[in-house]
Amino acid sequence: MPDWKSLLCAGLLLGAVSAQADELSRGQVLYLPIYSHIWYGDMNADGRPKQTLMSALVSIRNTSHKVPIRVSSARYYSTEGKLLKEFLPTTRTVAPMGTLELFVERKESEGGSGANFIIQWEASMSTNSPVVEAVHADIQVNRTPTFITVARPLSPEN
């Protein structure tokens, strides 16, 4: 009979594996956090911390070996919820194992620290959900903040 430690480890491993497996889908609406700037350091005399502008590379990766996906919309919103730009004026097809990249320039400061993308994708048949991430960077000589944000599906009712 296995001991409780072995059972606990096996349960945790199975939980981790099942948590990684997505349900198949024919499409989703995804929310992707974007930071066109980040706050850092101590408060200035005006009561605000310093800020630095960030660029963001948005990566929409089709994880299917067989099924192409269509990305119909990639709307970029500001911290206040104002639509700033539709990055895809026409639907783009992403081949199996292919990637669609979008880029938010460092000089784009209107989005703010609470900017986001709403990304819509669909497929002709049920398939793996794409991996959608944004790599944020501010590459400078003496410092290079870099980080990743990950999209999450939104409920169709909202």
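Derivation of every value follows stated rules applied to the coordinates shown; laboratory data play no part. Since we're looking at a predicted model, the values are computed, not measured. Every residue, glycine among them, receives a Cβ derived from its backbone with ideal geometry; neighbour counts consider all protein chains shown.
Of the residues ALA115, THR99, VAL141, the one whose Cα sits farthest towards the positive end of the charge dipole of region 23-153 is THR99 (charges of +1 on Lys and Arg Cβ, -1 on Asp and Glu Cβ, taken about the Cα centre).
Number of Lys pairs in region 45-158 with C-alpha atoms less than 26 angstrom apart, excluding same-chain neighbours closer than eight positions? Each step should come with its number before you reach the end.
Working: LYS50/LYS82; LYS50/LYS107; LYS82/LYS107; LYS85/LYS107.
So the count of such lysine pairs works out to 4.
Using a cutoff of 8 angstrom between alpha carbon atoms and counting only pairs six or more residues apart, the relative contact order for region 23-153 works out to 39 percent.
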